[in-house]
Every structure is written in C-alpha cells, then in structure tokens.
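Q: Can you keep this structure in mind? I'll have questions shortly.
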Amino acid sequence: MKRVDDSYDILIGRGLLEEIPARLKKRPVGNKYAIITDSNIRSSYGKKFLALMKRSGLRCCLLSFPAGEKHKTLATVESLQNQMLENGIDRKSAVIALGGGVVGDAAGFAAGTYMRGIPFIQVPTSLLAMVDSSIGGKVGVNLAKGKNSCGLFSQPKMVFSDVSLLKSLPKRELRNGLAEAIKHAVIADKNHFYFIEQNKEKIIGADATTLTELIKRSCEIKAGIVEIDEREQNFRKIVNYGHTVGHAIEVLTKFREFSHGEAIAIGMAAEGRLAVDSRFLTERELYRQNKLLEDFGFNIGLPKIRPEVLVKEMRKDKKAVSGKIQFALPSGIGRMKSVAGNFGLKLNEKDVLKVLRAL
C-alpha cells in the first residue's frame with residue numbers, strides 16, 4: 001500500500017507575502033489559483049496580493065465573502081464554489097486562503113470538497129490563525145446549532161505566516177490570538193508559558209521579533225501534537241482545553257458578543273477551575289494562568305448564561321460522545337491529565353454545574 005505524506009512547510013518571517021509568487025513559480029501547487037479572502041482583507045491585502053501574483057505570470061482570481069464568524073457557513077462555501085466554477089478553477093487548480101481563522105476554515109473546507117478535493121495554501125493574516133487555526137488541517141464551518149460541526153481533515157500544502165501583516169491588526173484582534181498561544185503553553189510547554197509571562201509588554205506592543213518567536217513555538221507545539229494524532233483519536237484532544245465551555249459560549253451568544261479568543265479565555269478559566277476541583281491542577285497554577293489572561297486584557301468571568309443552559313449546549317459539542325461531555329484538562333502548566341491513557345475526560349455533570357454556578 002502506498003503511504004501518503006501529508007507533511008508541509010510552515011514559513012514564518014517578515015515580508016513573506018511578496019515572496020509567495022516566486023515560490024509558487026518554483027514549486028507550483030496548481031495550474032490556477034483561487035485566492036479566497038473576506039471583505040476586510042480584500043481591500044487591505046487581497047487586491048495587492050492578486051496584483052503580485054499576476055505580475056509574476058500566475059493565473060489567478062480573487063474571491064471573497066462578508067467578514068465575520070456568522071458568515072462561516074455552508075451557504076458561504078456554496079457561493080465560493082460557484083464562483084470557483086465560474087472562474088475556471090478545475091481539479092488541477094489550488095486555493096489560497098488569505099485571511100484569519102474564519103477565512104482559513106471556510107476556504108480550506110471549500111477546497112477540500114470542491115471536485116472531491118483540490119490543494120490549498122494557508123496565508124494567515126491574524127495572530128490567531130498564525131499560532132493555531134492554519135496548522136493541523138482541521139477545516140470546516142458552523143451549523144446553526146453547532147460550532148465547527150461540519151468539516152473535514154485536509155492538510156494545506158504550505159503555510160506562509162508573514163509577521164509584518166500583524167502591524168495593522170487592532171489590539172482586540174492581536175489579543176484574540178494570544179488566548180490560543182497561552183493555551184498551547186498550558187497544555188504542552190511550561191517554558192513557553194514563562195516566555196509569554198516575561199515578554200508581555202513586547203507582545204502587547206507587537207514587537208516583530210518577539211511575535212515571531214511566539215508564533216514559531218506555538219506552531220511547533222501544534223504541529224507536534226498533530227503529527228502524533230492527526231485525526232484526534234486521543235492525544236490531539238488536548239488542544240481542546242478551554243474550547244468545550246468556550247464554544248458553547250460562542251454558540252449561545254450567536255458569535256456576536258465574544259471573539260473566539262475571548263470565549264476561549266473564559267473557557268480556560270472555567271475548565272481550569274474544573275481541573276483544580278478535580279485535584280489535577282493546583283490553585284497556584286490556575287492563578288498564574290488566569291493572571292496572564294487578565295494581564296492581556298481578557299475578561300475571564302462567565303457571561304450571564306444559566307449554567308444549565310451552558311451544560312445543555314456542551315452536550316451538543318462535536319467532542320461529546322453519546323451525549324456525554326468530554327473535557328481536556330491540565331495537570332500542571334505544560335502537561336495534561338489522562339485517565340487510563342485517555343485525554344478526553346468525562347466528568348460528573350453535577351460537579352460541572354457546581355463549578356459553573358460558583359463562577
């Protein structure tokens with residue numbers, strides 16, 4: 001049986017956007033490229049990138065959809081795929097996802113299901129996408145009743161993280177990605193956690209050298225986890241820390257009140273408290289996590305949602321099994337708890353409700 005190698009290069013640096021056309025001339029991924037972005041990035045970087053590609057003699061078109069999590073839907077994917085047909089994108093073509101996490105998810109899903117799958121490249125423009133969502137090959141869209149409930153595993157052919165694109169990010173968007181970077185540190189690398197603690201001011205000030213190191217280590221952590229368990233059979237579940245509560249908050253507030261990072265920060269605080277009450281994590285370690293989140297401006301208090309409603313929504317989470325909620329919980333900064341080798345932990349719902357009510 002032939003072994004398929006899904007490994008790919010992740011390039012991190014400054015000025016990479018201008019280098020992509022030359023790299024694709026040297027190592028083509030498709031005979032034509034559909035550059036997919038959102039309405040915000042289209043005007044800031046999309047048209048510029050289209051011109052760069054055409055100037056290099058590459059056949060391409062620029063497609064976009066309205067910005068925002070609420071547009072990460074099957075309807076958006078259908079619209080994109082119809083535009084791909086109209087622009088002559090065929091089975092030998094490729095997609096370039098130019099944007100944040102929403103763009104990467106929607107464009108990757110569109111590529112993975114178009115003509116039974118065509119290659120795609122990730123060009124993340126947000127810190128969140130650079131440290132997390134562009135890595136690992138999970139792409140998909142939201143359903144009305146569930147976050148990321150429709151998707152597939154589809155690895156990109158390349159990832160280009162141009163740190164210079166972060167200069168224009170609003171502070172809220174920069175912070176959005178920090179929740180995932182802190183999560184990576186909590187689940188896998190205490191030294192990375194210490195690095196973030198010691199470099200808070202440089203990170204908040206968007207220092208390029210510091211952000212490059214932050215992105216590089218987060219990518220190494222995520223890629224290492226995915227390499228062990230690409231399809232989330234067990235070990236990859238650890239990246240879901242903070243996401244069981246966080247995703248429920250996003251769905252119940254209709255993706256309007258909180259950014260993804262803000263919801264995950266709240267989820268980490270809540271699930272960290274579950275870990276303390278389960279005697280996996282110490283109070284001191286939870287304090288360090290929560291202080292770091294608050295130092296970056298996150299409000300980690302639970303929103304005004306009844307705990308019973310939160311738990312009901314968590315039962316619908318794609319990580320739940322037979323209606324039983326699963327949590328990924330830390331046993332210390334830099335390591336995760338497993339029971340009988342399983343990293344998806346099933347807690348008593350009464351204990352979960354008790355913690356949520358106390359928060």
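Q: Please indicate, with yes or no, whether at least one residue in the range 26-39 is loosely packed, with under 12 Cβ neighbours inside 10 Å and farther than 22 Å from Gly136 by Cα.
A: The answer is yes, given that some residue of the range 26-39 is loosely packed, with under 12 Cβ neighbours inside 10 Å and farther than 22 Å from Gly136 by Cα.
Q: Looking at the range 279-312 only, could you name the residues that are within 21 Å of the chain's Cα centre (by Cα) and surrounded by 17 or more Cβ atoms within 10 Å (Cβ to Cβ)?
A: Gln289, Asn290, Leu292, Leu293, Phe296, Phe298, Ile300
Q: Taking the conditions exactly as written (modelled with pLDDT of 95 or more and more than 18 Å from Gln122 (Cβ to Cβ)), does Arg59 satisfy them or not?
A: Here the answer is yes, as Arg59 does meet what is asked.
Q: Which residues, taken from the range 56-88, are over 22 Å from Asn31 (Cα atoms), without any contact (Cβ under 8 Å) to a residue 60 or more places away in the chain and outside any helix (DSSP H, G or I)?
A: Phe65, Pro66, Ala67
Q: Name every residue in the range 99-130 that is farther than 23 Å from Arg27 by Cβ and either in the same structural domain as Leu214 (by TED's automatic domain parsing) or assigned to a loop (DSSP other than H, G, I, E, B) (or both), in order of residue number.
A: Gly100, Ser126
Q: A further question follows. I need the helices (runs of 4 or more DSSP H) fully contained in the range 242-315, keeping only those with at least 2 residues that are closer than 23 Å to Ser331 by Cβ and among the acidic types (Asp, Glu).
A: Counting at least 2 such residues, we get 260-277, 283-295.
Q: Could you say which residue among Leu50, Leu98, Leu85 is farther than 20 Å from Ser164 by Cα and of a type in the set (A, V, I, L, M)?
A: From the options Leu50, Leu98, Leu85, the qualifying one is Leu85.
Q: For the range 330-337, state whether one or more residues are of a type in the set (S, T, N, Q), under 22 Å from Asn234 (Cα atoms) and within 25 Å of the chain's Cα centre (by Cα).
A: Within the range 330-337, one or more residues are of a type in the set (S, T, N, Q), under 22 Å from Asn234 (Cα atoms) and within 25 Å of the chain's Cα centre (by Cα).
Q: Could you give me the residue pairs with C-beta distances under 6 Å whose first residue belongs to the range 251-267 and is touching a residue at least 40 places away in the same chain (Cβ under 8 Å) and farther than 15 Å from Lys70 by Cα, whose second residue is aliphatic (A, V, I, L, M) and not in a helix (DSSP H, G or I) wherever it lies, and which are 6+ apart or on separate chains?
A: What qualifies is Ala265/Ile300.
One line per residue, one yes/no per condition, for (1) in a helix (DSSP H, G or I); (2) under 21 Å from Glu285 (Cβ atoms):
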residue: Lys319; (1), (2): no, no
residue: Leu347; (1), (2): no, yes
residue: Asp351; (1), (2): yes, yes
residue: Leu356; (1), (2): yes, yes
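The values are calculated or read from the model by the stated rules, or taken from the named source; none is laboratory data. Bear in mind that the values here come from a model prediction, so they are computed numbers and not experimental data. Cβ: placed from backbone, ideal geometry, glycine included. Neighbour counts: every protein chain shown.
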